[in-house]
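First the structure, in the form of structure tokens, and then the observations on it.
No value in this document is a laboratory result; all are computed from the given coordinates. Bear in mind that the values here come from a model prediction, so they are computed numbers and not experimental data. Note that each Cβ is placed from the backbone with ideal geometry, even for glycine, and that neighbours are counted across all protein chains shown.
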Amino acid sequence: MQSVLQVIGASVAFGGVHALDDISIDFKPGKITGIIGPNGAGKTTLLNVICGMTPATSGEVLLNGTRLTGMKPSRIAGLGLRRTFQASQLFAGMTVLENMMVGLHLMSSSGLAGAVFRTTKMRTEEAEMRRRAMEALDYVGFAHFADRPGSALSFGQQRIVEIARTLIYEPKVVLLDEPAVGLSVNRVAELDALLRRIRDERGITLIMIEHVIRLVMGVSDWIVVLGSGRKIAEGLPDTVRADQRVVEAYLGHQQHA
Amino acid sequence: MLGHLVGRRAFCLAVFAFLFVIPFGANQYFLFVANLMILFIILSLGLNLLIGFAGQLAFANASMYGIGAYGTGLLMKHFALPYWFSAPAGTLIAMSVGTLLALPALRLSGIYLALTTLAFAQFTLWLMMHWTPVTFGAGGFVPPPIDFGSLPVSGGQAIYFISWVVCVLLFFVAKHTMESPIGRAFVAIRDREIAAQSLGIDLLKYKALAFAMSGFFAGAAGALYAGVLGFVGPESFDLLQMVMHKAAVVLGGMGSIAGSVIGGVLIVVLQEGVKEIAFPIEIVFGGLLLLFMLFQPTGVVVLLKRWLPGWQEPLHYAPRRVRRAATQPAPAAAQAGED
């Protein structure tokens, strides 16, 4: 199967410290890939390199064969690669609906003049954005929150809205940085179901960093394990779980234990 | 009952209607004060786009105001160009200089951007005071009188009506832009710059636009000011002026268009009132700015929203500190975030 996203020999060095050391991963389309590893393994750095927020010292990232290296994050977002963050990133000065509409920002093409003169084109685009934003909120069952301020939602609800906001622009790949962080057990179950729906109904490729092992092992089609900036192992969840190198990365060597 | 009738629309309409009828009854002094109100509405609208909506803490608005005034006056004085040409040219010069300030804003934010822009403001003030061959130095200069040609009114009234028209036009420019994807992009950059980028918002483009628009507004106000006062001097564009612009935005309401109209009028009323009782104006505005920042950072509009059921303020006002508190992740999340 053709890869939708390829990371080829990516390295990142902050001063003398190698946050990422020659990482190569092929991400298959329409699959959920879980990235796991102990703290400081370079997981978030990898996500930042993919979405253009941290420049790679060497190596490159390809999205459907297009080289993303050196592009601005906003440009990469326009090519259909979206992400969420560890901390909530809703815009508090907007309603939930407006937050969703920001996700469709690149749909608007009428510019400053269109806005100042309220052209028909601009108003048509606004209406279309509003409609699609409502539709996307409805997809996650949050349509009734549309006019609430983003900050009025609970932490777990904000996470769901953020995920919905990444989906709205019909992305090819969505990166999720610890989507289950701070969620209650029930919420994690809901998230599990939502991620499966996104993969199965929308065919979007999901790449997820997660520490909640039950979630990531349950929902992922493929697991990549990072440790100290290197790729330690990758494979099916069950294979990875049994891999001695992975156990060592998490728990240390047997003889020291 | 009355509360339901007083909305943002009705309020702004009333202010502009009131300002329109002023010249038909007021004396010279009140005409001048009302004209200042118009200029301050323009200034506070422009500055609000930049600091209230786009969240760029810049302190150079008084310089853009000054560059607009100096640009207009100097073109008239040195090159004998007519006002109808010099005023737009002065405005565009201010806008261009303002846009350049977006470059440091790409790398700096918060207090660092504030300091950089403040340094720039002091530099322009220095130029106005010491580059005597061009700017006529600390004493300022008197541009040639404006020829209003075939306009049915003349002198103070003519420049008043021009100011009024410019103000109403710019009011709609600000309002419509902020109710468009551009306004959402500004607020997104203010609230969460990194998330904004990840959703396709180009920081350079929108920061430059915010600086350009606020430079244009301040420049236009300056160009009008040169015409209103018939004199251009550096003391009109010093640090106190900057504090007054900032106070207009903060008192009215950051991130609120109606708030800027309120703030602009309020500041001029306060200024004239303070002059009346001969109290140091710096203390009044500095103190007010501080008090509002501490106790009512959302400005007067949010009070109005609370008191008047008809006042439907869009959410865009949420100030930084309140937002932080409201969107703090759960404790467990905060811990995980530190990993």
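Relative contact order, percent, of chain A when contacts are C-alpha pairs under 8 Å separated by at least 6 residues?
On the way: 460 pairs, mean separation 70.0, N = 257.
Reported as a whole number, the value is 27 percent.
If you count the DSSP beta bridges with both ends in the protein assembly as shown, what percent of them are antiparallel, to the nearest 5? Intermediate values should be presented prior to the final figure.
Numbers: 21 of 37 bridges.
For the protein assembly as shown, the DSSP antiparallel bridge percentage is about 55.
Can you pull a Stokes-Einstein diffusion coefficient for the protein assembly as shown at 20 °C (1.002 mPa s), Rh from Kirkwood over Cα pairs, as a whole number of µm²/s?
82
May I ask you to sort A:D238, A:D21 by Cβ crowding, counting other Cβ atoms within 10 Å and putting the fewest first? Provide the component values of the computation, followed by the final result.
Details: A:D238 10, A:D21 17.
The fewest-first ordering by Cβ neighbours comes to A:D238, A:D21.
Neighbour counts of other C-beta atoms within 10 Å: give me B:R9, A:R83 arranged from fewest to most.
Values: B:R9 11, A:R83 26.
Least crowded to most crowded, the residues run B:R9, A:R83.
Among the listed pairs B:K175/B:K275; B:K175/B:K207; B:K207/B:K305; B:K275/B:K305, give every one whose C-alpha distance is greater than 21 Å.
B:K175/B:K275; B:K207/B:K305; B:K275/B:K305
Treat each spin label as a single point 7 Å out from the Cα along the C-beta direction, and report the B:L290 to A:V185 distance in nm.
5.4
Using only DSSP helix segments of four residues or longer, with each worth -39500 (n - 2.57), what per-residue ellipticity at 222 nm results for chain B after dividing by its residue count and rounding to 500? Spell out each step's value before the answer.
Numbers: 18 runs with 247 residues, N = 339.
For chain B, the value works out to -23500 deg cm²/dmol.
Taking the dipole about the Cα centre of region A:1-119, with the C-beta of Lys and Arg at +1 and of Asp and Glu at -1, give me whichever of A:L106, A:A13, A:L79 is farthest to the positive side.
Toward the positive end, the furthest listed residue is A:L106.
Ordered by residue, what ³J(HN,Hα) values in Hz, to whole numbers, does region B:289-298 give under the Karplus form 6.51 cos²θ - 1.76 cosθ + 1.60, where θ = phi - 60° and Gly and Pro are x?
4, 5, 4, 5, 4, 7, 10, 9, x, 8
For a quick size check, give me the Cα extents of region B:2-337 along its three principal axes, largest first, whole Å.
The Cα atoms of region B:2-337 stretch 68, 49, 39 Å along the principal axes, largest first.
Amide H to amide H, which residues 5 or more places from A:L176 or on other chains are under 5 Å from it, using H placed in the peptide plane?
For A:L176, whose amide H was placed from the backbone, the distant partners under 5 Å are A:T84, A:I207, A:M208, A:I209.
Pick from B:I146, B:I111, B:I67: which residue has the top mean-square fluctuation in a GNM of chain B where Cα pairs under 10 Å get a spring?
B:I111
Within 10 Å of each Cβ in peptide B:168-177, how many partner chain Cβ atoms are there on average? Round it to a whole number, please. Intermediate results must be reported in sequence, preceding the final value.
Values: counts 0, 1, 0, 0, 3, 4, 1, 1, 7, 3.
Mean partner shielding for this stretch: 2.
Highest mean first, how do A:32-38, B:295-301 rank when packing is the count of other Cβ atoms within 10 Å averaged over residues?
Working: A:32-38: 23.3, B:295-301: 19.0.
Descending packing order for the listed peptides: A:32-38, B:295-301.
At a Förster radius of 35 Å, what calculated FRET efficiency corresponds to the Cβ-Cβ distance of A:E248 and A:D26, to the nearest 0.05? Walk me through the numbers before you get to the answer.
On the way: r = 25 Å, r/R0 = 0.70.
Calculated value: 0.90.
Amide H to amide H under 5 Å from A:S228: which residues, 5+ apart in sequence or cross-chain, H placed 1.01 Å off N in plane?
A:A41
5 Å is the cut-off here: which amide hydrogens, built 1.01 Å from N in the peptide plane, fall below it relative to B:Q56, excluding neighbours closer than 5 in sequence?
Close amide H contacts, sequence-distant or interchain: B:I51.
Using a ≥ b ≥ c from the Cα gyration tensor of region B:1-135 (square roots of the eigenvalues), is it rounded, prolate or oblate, where a/c under 1.5 gives rounded and otherwise the larger of a/b and b/c decides, a/b for prolate?
Numbers: a/c = 2.60, a/b = 1.25, b/c = 2.07.
It comes out oblate by the Cα gyration axes.
Might you report the magnitude of the Cβ-based charge dipole of chain A about its Cα centre, with Lys and Arg at +1 and Asp and Glu at -1, to the nearest 20 debye? Write out the running numbers ahead of the final one.
Values: 28 positive and 25 negative charges, 106 e Å.
The dipole magnitude comes to about 500 debye.
Please rank A:E135, A:E162, A:E125, fewest neighbouring Cβ atoms within 10 Å first, as an exposure proxy. Each step should come with its number before you reach the end.
Details: A:E135 12, A:E162 23, A:E125 19.
Exposure proxy ranking, most exposed first: A:E135, A:E125, A:E162.
Can you tell which of B:Y83, B:Y29, B:Y70 shows the greatest fluctuation in a Gaussian network model of chain B with Cα springs below 10 Å?
Fluctuation is largest for B:Y29.
What number, in percent, do you get for the relative contact order of chain B if the mean sequence gap of Cα pairs under 8 Å and at least 6 apart is divided by its residue count?
Working: 533 pairs, mean separation 107.1, N = 339.
Rounded, it is 32 percent for chain B.
Eight or more residues apart or on different chains, and alpha-carbon atoms under 25 Å: count the Lys pairs in chain A matching that.
The number of close lysine pairs in chain A is 12.
Could you check which residue among B:F40, B:F148, B:F211 shows the biggest mean-square fluctuation in a GNM of chain B with a 10 Å Cα cutoff?
B:F148
Rule-of-thumb check for region A:91-152: C-alpha Rg over 2.2 N^0.38 Å?
Working: Rg = 12.4 Å, N = 62, 2.2 N^0.38 = 10.6 Å.
Region A:91-152 yields a ratio of 1.17.
With a Förster radius of 51 Å, plug the Cβ-Cβ distance of B:S150 and A:M217 into 1/(1 + (r/R0)^6) and report the FRET value to the nearest 0.05. Walk me through the intermediate numbers first.
On the way: r = 81 Å, r/R0 = 1.60.
It comes to 0.05.
Could you work out how far helix B:28-47 tilts from the main Cα principal axis of chain B, as a 0 to 90 degree angle to the nearest 10?
Between the helix axis and the principal axis of chain B, the angle is about 40 degrees.
Give me the percent relative contact order of region A:51-114, please, defined on Cα pairs under 8 angstrom at least 6 residues apart. If you can, show how the numbers build up before the last one.
Working: 30 pairs, mean separation 16.4, N = 64.
With pairs under 8 Å counted, the relative contact order is 26 percent.
Taking only the alpha-carbon atoms of chain A, what semi-axes of the equivalent ellipsoid follow from 5 times the gyration tensor eigenvalues under a square root, in whole Å, largest first?
Listed largest to smallest, the semi-axes of chain A are 34, 22, 16 Å.
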